[in-house]
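Asks: Mind looking over this structure? Questions follow.
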Amino acid sequence: MTGKLLDVSTMPFERVHTCEDKTEIDLREFLDLHYDVVQALAGNELVRNNDSFGFAMAAPMWDGDLDELQQRGNFWDTPDEFVWFVGGWGDNRDRYIANAVRKMRALFRPHKMSEAWDPYLCESTLEMRFDLPGAFRDKVEQQNPDGTFPWGDFPWGGGVMVRMGPLTLAGAVSCLSEIEDDMVARLILGGIGQRIVNGNKLLKD
């Protein structure tokens, strides 16, 4: 798909995940809860201030479903296949969502010594920035002069994998500094993971 444009308007802004105990997680409502959190972090100078925010994530991945995991690695260049939910706020929401999706492109592509994608090999695009800067391909800017979003790697930190036992969540944040994007992405994915772990009773008392 390289050379094409990313159309954020076609992506899923609504998503409800149902756990084994029938608990429903409304991803849009859950993400919206973080508006005040991000503003509070900025107000305390823990992250930089920005009135806009973008988030993207893939569907939850489970150990044992190796066929599904391998398929994810085949979809790194096809955002319609790996983007499960997007959201955000502010006037520049769509640009930041596009940035987040394009961070995930690099996160899902095979790296290091493996020809097949493995979620255990590279846990974040921030890690890539430190250890594998040459792994980014087809690097793109935030947007074209006409305001469209070119498809390729947005080569910055903020795309992360969060593991909780057999569960792996992959997602990205864009709008802060790249280290802050990484921090906030882990916060959001960690909260989603906590609800899935509890709803699927993955931790025994």
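Asks: Could you count how many Lys pairs in the chain have their Cα atoms under 27 Å apart, skipping same-chain pairs fewer than 8 positions apart?
Replies: Numbers: Lys4/Lys103; Lys4/Lys112; Lys4/Lys139; Lys22/Lys201; Lys22/Lys204; Lys103/Lys112; Lys103/Lys139; Lys112/Lys139.
Total qualifying Lys-Lys pairs in the chain comes to 8.
Asks: Return the Cα extents of the chain along principal axes one, two and three, sorted largest first, each rounded to a whole Å.
Replies: If we take the Cα atoms of the chain, the spans are 53, 43, 32 Å.
Asks: Can I ask one more? For a quick protection proxy, order the peptides 74-85, 154-165, 170-181 by their average other-Cβ count within 10 Å, most packed first.
Replies: On the way: 74-85: 18.0, 154-165: 23.2, 170-181: 24.8.
Per-residue mean Cβ counts within 10 Å order the peptides as 170-181, 154-165, 74-85.
Asks: Moving on. With a length cut of 30 Å (Cα positions projected on each helix's long axis) and a Kyte-Doolittle mean of at least 1.6, go through the chain and give me the DSSP H helices that pass. Intermediate results must be reported in sequence, preceding the final value.
Replies: Working: long enough: 178-199 (31 Å, 0.28).
Taking the DSSP H segments of the chain (at least 30 Å long, mean hydropathy at least 1.6), we get none.
Asks: I'd like the distance separating the alpha-carbon centroids of the stretch 81-95 and the stretch 129-205, in whole Å.
Replies: 12
Asks: Quick one: net charge around Ala40, please, counting Lys, Arg +1 and Asp, Glu -1 for every other residue with C-beta under 15 Å from its C-beta. Could you put the intermediate results ahead of the total?
Replies: Working: positive: Arg48; negative: Asp32, Asp36, Glu45, Asp51, Glu180.
So the environment of Ala40 carries a net charge of -4.
Asks: Given a Förster distance of 22 angstrom, what is the FRET efficiency for Asp131 paired with Arg163, based on the Cβ-Cβ distance and rounded to 0.05? Intermediate results must be reported in sequence, preceding the final value.
Replies: On the way: r = 18 Å, r/R0 = 0.84.
Between Asp131 and Arg163 the formula returns 0.75.
Asks: Return the carbon/sulfur percentage of the accessible area of the chain, one whole number, probe 1.4 Å, all protein chains in place. Mind dumping the intermediate values first?
Replies: Details: 4860 of 10070 Å².
That fraction is 48 percent.
Asks: Applying a 10 Å radius around every beta-carbon, put 126-134, 187-195 in order of their mean neighbour count, most first. Before the final figure, lay out the partial values.
Replies: Working: 126-134: 14.8, 187-195: 18.1.
Those peptides, ordered most packed to least, come out 187-195, 126-134.
Asks: So, one more: What accessible area per residue comes out for the chain, rounded to a whole number of Å², with a 1.4 Å probe?
Replies: Numbers: 10070 Å² over 205 residues.
I get 49 Å² per residue for the chain.
Asks: Would you mind working out the magnitude of the charge dipole of the chain relative to its Cα centre, with +1 at each Lys and Arg C-beta and -1 at each Asp and Glu C-beta, to the nearest 20 Debye?
Replies: Values: 21 positive and 34 negative charges, 51 e Å.
With only Lys, Arg, Asp and Glu charged at Cβ, the dipole is about 240 debye.
Asks: Please compute the length gained on full extension between Glu81 and Leu187, using 0.36 nm multiplied by the number of residues separating them and subtracting their Cα-Cα distance. Mind showing how you got there, number by number?
Replies: Working: separation 106, 0.36 × 106 = 38.16 nm, distance 2.43 nm.
Gain on extension, Glu81 to Leu187, equals 35.7 nm.
The values are calculated or read from the model by the stated rules, or taken from the named source; none is laboratory data. Since the structure is predicted, the reported quantities are computational estimates derived from the model, not experimental observations. With ideal geometry, Cβ positions are generated from the backbone for all residues, glycine too; neighbour counts draw on all protein chains shown. For the accessible areas, the whole protein counts, side chains as well, though only heavy atoms, and no ligand, DNA or RNA atoms are used. Shrake-Rupley method; radii C 1.70, N 1.55, O 1.52, S 1.80 Å.
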